[in-house]
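Please read the structure below before turning to the comments.
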Amino acid sequence: KSVSANIVIIGSGISGVAAAHRLLNAGFQHVRILEATARSGGRIKTGKLGDNIVEIGANWIHGPCEENPVFCLARKYGLLDPESLTPENQAMDVGGHPPWVPNYYTSSGQKLNAEDMNPAKEMFAELLIESSEFQSQGGEPCASVGDFIRSEMHQRAAEKWKETDATTRSLRLCAITNMLKVECCVNGSHSMDEVGLGAFGLYETLPGLDCTFPGGYEGLIKNLMSELPTGLVTYNQPVHCVHWNNTEKKQNPVIIECDAGERIAADHVIVTVPLGYLKKHHSALFRPPLPLHKLHSVQRLGFGTNNKIFVEFDSPWWDADCEVIYLLWEDEDVMLDEVPDVQRSWIKKLFGFTVLKPTERYGHVLCGWIAGHESEYMETVSEQEVTQNVTQLIRRFTGNPTITPRRILRSQWFHDPWTCGSYSYPGKGCSVQDLENMMEPLPTKGSQAHPLQVLFAGEATHPCYYSTVHGALLTGWREADRLISHYSSISPSELHKS
Ligand code: 6YU
């Protein structure tokens, strides 16, 4: 069955591409994507550091198992290593926190015995689990995850570690401060004080040990695009304004106005722009403006910055089995997860590095992680200054003044005009209602003649897999299905009227 309704998708990230795929497969003939940049993929972006493939955006398939559609597609296209495909790998349930082998270094140049930090790791993991349990119970004791962890931590540390020597106790507290920085990267938030305690548990993990794409995440986009007609996407075509509810017109209730002045008429538009872009540009993007309840949810949900700094070395200075390097500042046993003097000491917010594995594939490459305002500031300084800061940092923490990176590459997601940050998180005061408001199509009521004019997809509109590629993909399918079931419920004679 073919459907002649005009459908425009704004954004050619995974959610936009997934929506187009589903609609075309269901027989919709007039589907097009308008994309602001010159490429498809959005926050899936594979780059190069020398000869190495590196992921500027999304890194892992979180929870690669049968229920994860990204895993299933990647497997279908043959994009994964054999280890990722094993049933053991798929069955491993790590609750979103892979059991990586750590190396700990301190700001006075000591390498710590990792086992000494295990009690801190366990206490923090326990607190994260407790933080995610309020959503089902309600009545959370404080507004943010940061407040909760800080208040509980002090009490528990005093109680549990009262027999521990002062130096180890202090280092464990520094390790907790470091774990808060890690959590800022995981959540894409400036501070855990901005992540709402009530909604923290809305995020759901899937089983499976996180895996990567040996040939790059963009292979997923390339394969999906190869199954779509050429010319489906108009590149370098930023949309400026969506005029909806043009009810006096019999047909095409939506007009999409592009930056270049072009005006495109449509029956339906699927908006997939990132939440960061929406927060900044919603007032220009919609005529009439978004209904207030929807706008408030756009404002309540958080969208912060997480960036990567890839660093390549001639030889490794970390252990052969090491998967993650944590850098503990010895003056940070008071549990702040933000740096007071951003311009002078932004580098303190970098929690450490993950190690790109296997070495035969990547050479000796580390990926540094930095979130929040410090990360946004990092984007503004020269690459040379980033290199200088990273070099000094590593020399100080290893006590080895000769270590010199070969080259570096950093992401700059906050200053990307079409993303304005990295991904979404539930802010303070957020609830499941906000996520439902995010995905609600316009007009919200009335207009029986022209329903489903503006639909919303993209990672920030998934009720439990927000901030991920699989979440984004599922929202594209969800909105396509909304239109498919709408058209399958109206009579065949009406199908070709619009
Ligand atoms: C994942 C991972 N990953 C790292 C970093 C980033 C992200 N994610 P898109 O933005 O792709 O597309 C929109 C398009 O719209 C785009 O092309 C624009 O150019 C275009 N556009 C904008 N304005 C326009 C206009 N006006 N006109 C026309 N076009 C316009 N996800 O699964 N694994 O390892 C990571 C990571 C640095 C930046 C990630 C990861 C997030 C995904 O990349 C992201 O969700 C999707 O790609 C978004 O697709 P989309 O289509 O919605 O938008 C407990 C608890 C904690 C909760 N969180 C835990 C999960 C941890 C999340 N982890 C992320 C980690 C990393 C490292």
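Some observations on this one:
- Protection proxy ranking, peptides 409-417, 53-61, 338-346, average beta carbon neighbours within 10 Å, highest first: 53-61, 409-417, 338-346
- Over 18 Å apart at the Cα level, from the set K111/K160; K181/K348; K160/K181, are K111/K160; K160/K181.
- For region 421-427, 3J(HN,Hα) per residue [Karplus equation, 6.51 cos²θ - 1.76 cosθ + 1.60, θ = phi - 60°, Hz, x = Gly/Pro]: x, 10, 7, 8, 8, x, x
- Against the empirical curve 2.2 N^0.38 Å, the C-alpha radius of gyration of region 363-476 lands at a ratio of 1.57.
- Put simply, the amide H of H240, placed in the peptide plane, has neighbours under 5 Å in E257, C258, D259, leaving out anything fewer than 5 places away on its chain.
- Amide H contacts of F414 (H built 1.01 Å from N, under 5 Å, at least 5 apart or other chain): G421
- Using every pair of distinct Cα positions in region 54-142, the Kirkwood expression returns a hydrodynamic radius of 16.7 angstrom.
- For region 79-86, the Karplus equation 6.51 cos²θ - 1.76 cosθ + 1.60, evaluated at θ = phi - 60°, returns couplings of 9, 10, 5, x, 4, 5, 8, 5 Hz by residue, with Gly and Pro reported as x.
- Charge-dipole axis of the chain as Lys and Arg at +1 and Asp and Glu at -1 on Cβ define it, positive-most pick from Q299, A114, F456: F456
- The alpha carbon radius of gyration of the chain, expressed as a multiple of 2.2 N^0.38 Å, is 1.02.
- Footprinting exposure proxy for K48, K222 (fewest neighbouring C-beta atoms within 10 Å first): K48, K222
- Tail fraction, Cα-Cα pairs, region 1-128, threshold 21 Å, whole percent: 64
- Compared with the dominant Cα axis of the chain, that is its longest principal axis, helix 145-160 is turned about 30°.
- Taken over region 139-228, the convex hull of the Cα atoms encloses 182 Å³ per residue.
- Ordering of 76-87, 354-365 by burial proxy (mean other Cβ atoms within 10 Å per residue, highest first): 354-365, 76-87
- Scalar couplings 3J(HN,Hα) for region 459-468, obtained by applying the Karplus form with A = 6.51, B = -1.76, C = 1.60 to θ = phi - 60°, are 3, 6, 9, 8, x, 9, 10, 4, 6, 10 Hz; x denotes Gly and Pro.
- Pairs from K308/K349; K45/K222; K162/K349; K48/K357 whose Cα-Cα separation, in the structure shown, is over 21 Å: K162/K349
- Considering all C-alpha pairs of region 235-308, those separated by over 15 Å amount to 61%.
- Built amide H within the under 5 Å cut-off of V54, gap 5+: G47, K48, L49
All of the numbers you see were taken from the coordinates with simple rules; none came from a lab. Keep in mind the model is a prediction, meaning the values are calculated, not measured. Positions of Cβ are generated from backbone atoms using ideal geometry, with glycine treated the same way; all protein chains shown enter the neighbour counts.
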